[in-house]
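For reference, the structure is listed below as structure tokens.
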Amino acid sequence: MSEHTEAMSALQRRVAERQASSLLQLISEDLEQMIITGALTGGDRINESALAMRLGVSRGPIREALRHLERSRLVEFRTNRGMFVREISVEEAAQLYDIRASLFGLAGRLAAERVTPDEAAALRAKVDELQQAIAEVDDYYPRNVDLHRALVALSGNPRLVDLYDDVSKELHLFRRHGLETDTARTTSNHQHAEILDHLAAGDTTAAGRLMEAHILSGKERMLAAVHEGGKPHH
């Protein structure tokens, strides 16, 4: 084999690997989005064939993406039954909320040290969009997830971003449950606006405290909703 042919083969492999990686990421993101929007909830079986048909791909990449999501603890394999959206108990959810609150508070302290006026303005626009979506949880919740990710990204700490994202993904069902009412969504977004005021002012202590309290407030709403209506149906 000539050097030119070897070089082309190596390039083709890299292109194929990149395409496969991009496809897996797209499938993973699509599945996660289905969980975020409530199209899939805890305990739902994932139909690989239907998903492959909807995305126009073979079942191989679907299975690989599901294995990736299994490592992220979003889905779980059940012997002889297939892959299911993972279920967690109320107790485990409460523990994850506590971890998430500490991570969010740390992100707030770091973000307040480095946020620019343009970044603060972009966040303010997201809060305004959330306000327009107050009436419907299916509109509000995905935007809420996006705002929280944007806030954590401003920490400038990629490992913190990954840790926060991993914990948050496990909580999608319970986070939605704590935002089911207009009152809960209104309270949540008022807290967002207050957080932004302190972030923009560079107040690291207040920003961290308010961001941690924001998550703990969500935890209390979730627990109250579960107590009132019983454990969420999975």
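The residues listed here are MET83, MET53; of these, the one that is farther than 30 Å from GLY208 by Cα, modelled with pLDDT of 85 or more and assigned to a strand (DSSP E or B) is MET83. Restricting the first member to region 34-50 and to residues that are touching a residue at least 60 places away in the same chain (Cβ under 8 Å) and buried (at least 16 other Cβ atoms within 10 Å of the Cβ), and the second to residues that are among the aliphatic types (A, V, I, L, M) and in a helix (DSSP H, G or I), the beta-carbon pairs closer than 7 Å and six or more apart or on different chains are ILE36/VAL145; THR41/LEU173; GLY42/LEU173. The single condition among (1) in contact with a helix residue (DSSP H, G or I) (Cβ under 7 Å, 6 or more places away or on another chain); (2) closer than 22 Å to LEU179 by Cα that SER89 does not meet is (1). The residue pairs whose first member lies in region 188-199 and is farther than 23 Å from GLU136 by Cα, whose second member is assigned to a helix (DSSP H, G or I) and among the small types (Gly, Ala, Ser), and whose beta carbons are closer than 6 Å, counting only pairs six or more residues apart or on different chains, are HIS198/ALA206; HIS198/ALA207; LEU199/ALA111; LEU199/ALA112; LEU199/ALA207.
Look at GLU64 and say whether it is at pLDDT 85 or above, acidic (Asp, Glu), closer than 18 Å to LEU23 by Cβ and in contact with a Lys or Arg (Cβ under 6 Å, 6 or more places away or on another chain). No; evaluated as a whole, the condition is false for this residue. Yes or no: HIS192 at pLDDT 95 or above and closer than 20 Å to ALA93 by Cα? Spelling it out, it is not the case that HIS192 is at pLDDT 95 or above and closer than 20 Å to ALA93 by Cα.
Yes/no matrix, rows are residues, columns are (1) of a type outside the set (A, V, I, L, M, F, W, C); (2) surrounded by 15 or more Cβ atoms within 10 Å (Cβ to Cβ); (3) touching a residue at least 12 places away in the same chain (Cβ under 8 Å):
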{"position": "ALA101", "(1), (2), (3)": "no, yes, yes"}
{"position": "ALA111", "(1), (2), (3)": "no, yes, yes"}
{"position": "TYR141", "(1), (2), (3)": "yes, yes, yes"}
{"position": "ASN144", "(1), (2), (3)": "yes, yes, yes"}
{"position": "LEU147", "(1), (2), (3)": "no, yes, yes"}
{"position": "PHE174", "(1), (2), (3)": "no, yes, yes"}
{"position": "THR186", "(1), (2), (3)": "yes, no, yes"}
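The residues on offer are LEU66, LEU40, LEU23, and the sole one that is farther than 18 Å from HIS172 by Cβ and under 21 Å from the mean Cα position of the chain (by Cα) is LEU23.
The values are calculated or read from the model by the stated rules, or taken from the named source; none is laboratory data. None of the values given here were measured: they were computed from a predicted structure. Cβ coordinates were reconstructed from backbone atoms using ideal geometry, including for glycine residues, and neighbour counts include every protein chain displayed.
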